[in-house]
Amino acid sequence: MKLGFLVDLNLCMGCKGCEVACKVENQVPLYSWRLRVKYVDVGVYPETKRTYTPLRCNHCEDAPCERICPVSALHYLENGIVNIDKERCIGCAGCMMACPYGAIYMDPVTNTADKCTYCAHRVASSMMPACVVACPVEANIFGDLDDPTSHISQYIMRHQKDGGVRVRKPEKNTHPKHFYVGGGEVHLNPLASKREEGYNLFNKITHLDHIGGH
Amino acid sequence: MVEHTVAATNAIVTLDVPIPQVIWGWMITLNMWAKSIGTGVVLVGAYLLARHGREVGESVKIWMPIISFIFLNIFLLFTLLDLHQPLRMWHIFVYPHWSSAITVGAWMATLFTAIIFVMMLIALRKFVLAHEDRVPRFCRKLAQMEFLNDELYDKLLKVAVVLALPVTMYTATIMGEATARELWQTPTELVQMLLAAILTGSAVYLIIGQKWSYEVKRDLAIMLGVSAFLSFVIYMGEYYFGHMKAEEVAAILSYVKEGPYAAMFWAGQWIAFIIPMALVYFSLRSRSASLLFLAGVLAIVGLYITKHVWLIIPQLLPLS
C-alpha cells in the first residue's frame, strides 16, 4: 500500500475548510499550519484571476526530512506516510532546512518539529483525513496509489492524458506522493509569484520572527 | 490593492499564512566558525610540528589542544543551544540515524573533542611539571598521571589530524542534505569548509606566534593567503555564474547582489579574504611580519561574516 493525495485545483474554491478542519483535528497551535490554502492573484484589474492552492506535506518517496533527521523521529510508515515521533525529536530543525516545500514547522508548544501526517491516526482507524472529509467540493482525493482501482489511481489515469497531473518541484528528486490536477506554475512554483510583506487581501503577509518557542 | 500595479503576466500572493524565514541563525554561524578554528589549529599545528618542530614544537604542542578544545566546546555549546530540545541531545547517541550527516558529524565531533581533551591534559601536565611549585595543589595530581606522556600525545595527534578533516567538512554534507537550499552544493562547500579551517588555523598561529622566526610566519602567511585566495575565487564563481544554472540560485544570489545582504557579503569578502591577501602580499614582498597579525585577526573576524551571509541567504527564499 502506498497512500497518496491529489488535489483538483479546478474544483478548489479556496474556502479554507480543509485548513480549519486540519487545525481542529490535529490541535495545531497558533501561528502553525500543517495545511494551508494560498491565494495568488494574477493579472490587472478588471482582468484578474484568483488561484487557490492547498499546500501540505508531500510525503515524498525519497523524503529529505527523513534522510536528514538525526534520530529517526521522521520515519516511514508501511503505508508510505512520512510520520513524526514528537517524543524522539530533538528540535534541530534539520528537517525544516531540508524540506523543499516548507511543509514542516516547529511546534511552539512542544518545541518539536511537526507536519501533516495525512491524519495517520485516522487512517489507522480506516477513516479519511480530516481535510478530505471537510472539503465541500471533493477537491481532495486520498487513497492507495498501488491499487489501480482506487479513486485516486483512476483520477490520475483519467487526467494523465492531457499532462494535467503535476507535483511540486519535481527537479528536487523527492518523488512526492501528493499530486495536483489543474495546477500551473503560479499554483505550484513559489518563485512564479511575488510575495510582498505587508497588508494584502485580509491579513498581513509576513514572516514568522520566531521558529517554535525557542 | 497591490494587484492593480503589477503586469498581467505577474502574480502576487494575496492571502497566506506567515511562513518561517531564518531557521538556522547566528548560532549555527558561530558553530561553523568555531569548528573551523577548533579543527584548523590541529591541521595547521600538525604541519608546523612536522616542518618547524624544532623551533615551535613545544609551544604548538601546548597551545594547539588548548585552543582547539576551547573552540570545539564553543561549537558544541552553540550546537546544543540551537536545539529546541537540548536536553534530548542524548537521543543522537541512542537512536542514531546513519543516513543523517548530523548524526555522523555529532559522533565524529564528540570523538574528536575527547581526543583533543586528552591531548590538552598531556599539554597541561607538561606545564604543571615545569612549574610544579607555582601551580595549585589539585593540579599537581595531573603530574602523577604518568600515562599522559609525549608518546601518547604523538599517537593521538595522528588520529586527531585524520579526524579533523571529516569533522571540519561534515557541515558541508549537512548543507548538501538540505535539499531545500539550492545554493549549497556539497562539493563546493566541502572545499570551502577545508579552506576555512586552514585560513583560521594559520591565522590563529600568526596571532599567537609573534615571537616565532620569519620563516615560520612566512609559511603561515602563504597558507593564509592561498586559502583566502581559493575561498574568494569559489565565492566569486558562485556570485557571477551561479544564476546561470537555476532559478532558485539566481533568486538567492539577488539577496547579495542588490538585496539586503549585499553590503554584508562584500564586507565579509574584503575582511576575510581581500585585505588579508593584500597584507600577506605586502608582508612577503617586504620580508616583514608586522602586518601578519592584522591579517590573521581580519581573516578570523571576516570568516564569521562570510559564513553568516552564506548561511542566511538561502533561507530568505519562500519555499512554498
>> Let me cross-check A:Lys49: its accessible surface, 1.4 Å probe, with only protein heavy atoms counted, in Å² to the nearest 10?
In response: 130
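For chain B, what is the relative contact order in percent, using Cα pairs closer than 8 Å and at least 6 residues apart in sequence?
Numbers: 395 pairs, mean separation 70.7, N = 320.
Reported relative contact order: 22 percent.
Using Cα pairs closer than 8 Å and at least 6 residues apart in sequence, work out the relative contact order for the range A:26-73, in percent. Could the numbers behind the result be given before it?
Working: 36 pairs, mean separation 13.4, N = 48.
About 28 percent, as a whole number.
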>> Students often forget the sequence filter, so: which lysines lie under 29 Å Cα-Cα from A:Lys23 once same-chain residues fewer than 8 apart are removed?
In response: A:Lys2, A:Lys38, A:Lys49, A:Lys86, A:Lys115, A:Lys169, A:Lys172, A:Lys177, A:Lys194, A:Lys204
>> So for each of A:31-37, B:203-209 I average, over its residues, the number of other beta carbons within 10 Å; can you give me the resulting order with the highest mean first?
In response: B:203-209, A:31-37
>> Between the range B:179-205 and the range B:218-269, what is the separation of their alpha carbon centroids in Å?
In response: 12
>> For a quick check: with amide H placed at 1.01 Å from N, whose amide H comes under 5 Å from B:Ala11's, ignoring anything fewer than 5 positions away on the same chain?
In response: A:Lys194
> How high is the FRET efficiency between A:His75 and A:His151 when r is their beta carbon distance and R₀ equals 22 Å, given to the nearest 0.05?
Replying inline: 0.20
> What nm distance separates the two modelled labels at A:Ala192 and B:Lys141, each placed 7 Å from Cα along Cα→Cβ?
Replying inline: 6.9
> Using Cα atoms only, what is the angle between the long axis of helix B:101-130 and the major principal axis of chain B, expressed in degrees (0 to 90) to the nearest 10?
Replying inline: 30
> What ranking do B:159-165, B:275-281 get when scored by the average of other Cβ atoms within 10 Å per residue, highest first?
Replying inline: B:275-281, B:159-165
> Straight-line reach from B:Lys245: which aspartates and glutamates have a Cα under 12 Å away, not including same-chain ones fewer than 8 places off?
Replying inline: B:Glu182
>> Within the range A:121-137, list the residues whose amide N lies under 16 Å from a label point set 7 Å along Cα→Cβ of A:Met1.
In response: A:121-130
>> Quick test of your reading: applying the under-4.7 Å Cβ rule, which cysteines of chain A are isolated?
In response: A:Cys12, A:Cys15, A:Cys22, A:Cys60, A:Cys69, A:Cys89, A:Cys92, A:Cys99, A:Cys119, A:Cys135
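For B:Leu294 and B:Glu151 in one chain, what is 0.36 nm times their gap in residues minus the Cα-Cα distance, to one decimal in nm?
On the way: separation 143, 0.36 × 143 = 51.48 nm, distance 3.60 nm.
Going from the current span to full extension adds 47.9 nm.
If you keep only loop residues by DSSP, which trypsin sites (Lys or Arg not before Pro) in the range B:209-239 have at most 10 other Cβ atoms within 10 Å of their Cβ?
Values: sites: B:Lys211, B:Lys217, B:Arg218; in loops: B:Lys211.
Sites meeting the loop and neighbour criteria: B:Lys211.
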> Treating the beta-carbon of each Lys and Arg as +1 and of each Asp and Glu as -1, no other charges, what is the dipole magnitude of chain A about its Cα centre, to the nearest 20 debye?
Replying inline: 320
>> Which of the three applies to chain B, rounded, prolate or oblate, going by the alpha-carbon gyration tensor with a ≥ b ≥ c and a/c under 1.5 meaning rounded?
In response: oblate
>> Of B:Phe93, B:Ile37, B:Gln21, which is farthest towards the positive pole of chain B's charge dipole, taken about the Cα centre with +1 and -1 on the beta-carbons of Lys, Arg and Asp, Glu respectively?
In response: B:Ile37
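Determine the calculated [θ] at 222 nm for chain B from helices alone, applying -39500 (n - 2.57) to every DSSP H run no shorter than 4 residues and normalising by the residue count; nearest 500 deg cm²/dmol.
Calculated at 222 nm, the ellipticity per residue is -25000 deg cm²/dmol.
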>> I'd like the orientation of helix B:214-241 relative to chain B: the angle between its Cα long axis and the longest Cα principal axis, in ° from 0 to 90, rounded to 10.
In response: 10
> What does the average come to when, for each residue of peptide A:43-56, you count the partner chain Cβ atoms lying within 10 Å of its Cβ?
Replying inline: 3
> If one takes the longest principal axis of the Cα atoms in chain B, at what angle in degrees, from 0 to 90 and to the nearest 10, does the Cα axis of helix B:247-257 lie?
Replying inline: 70
> Which value in deg cm²/dmol, rounded to the nearest 500, describes the helix-derived mean residue ellipticity at 222 nm for chain A, given -39,500 (n - 2.57) per DSSP H run of n ≥ 4 and division by the residue count?
Replying inline: -5000 deg cm²/dmol
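Take peptide B:181-188, look around each residue's Cβ out to 10 angstrom, count Cβ atoms belonging to other protein chains, and average those counts.
Numbers: counts 3, 3, 0, 1, 0, 0, 0, 0.
Mean partner-chain Cβ count within 10 Å for B:181-188: 1.
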> Setting aside same-chain residues fewer than 8 positions from B:Lys126, which lysines have a Cα under 16 Å from its Cα?
Replying inline: B:Lys61, B:Lys141
> Just how far, in whole angstrom, is the range B:9-31 from the range B:96-115 if you go by their alpha carbon centroids?
Replying inline: 29
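Could you work out the mean count of beta carbons from other protein chains within 10 Å of each residue's beta carbon in B:56-68?
On the way: counts 0, 0, 0, 0, 0, 0, 0, 0, 0, 0, 0, 0, 0.
Average neighbour count from other chains, rounded to a whole number: 0.
Which of the peptides A:52-60, B:109-117 is most tightly packed, and how do the rest follow, going by the mean number of other Cβ atoms within 10 Å of each residue?
A:52-60, B:109-117
The values are calculated or read from the model by the stated rules, or taken from the named source; none is laboratory data. Remember, predicted model here, so these are calculated numbers, not experimental data. With ideal geometry, Cβ positions are generated from the backbone for all residues, glycine too; neighbour counts draw on all protein chains shown. Just so you know, the surface numbers come from the protein's heavy atoms only, side chains and all, with ligands and any DNA or RNA stripped out. Shrake-Rupley method; radii C 1.70, N 1.55, O 1.52, S 1.80 Å.
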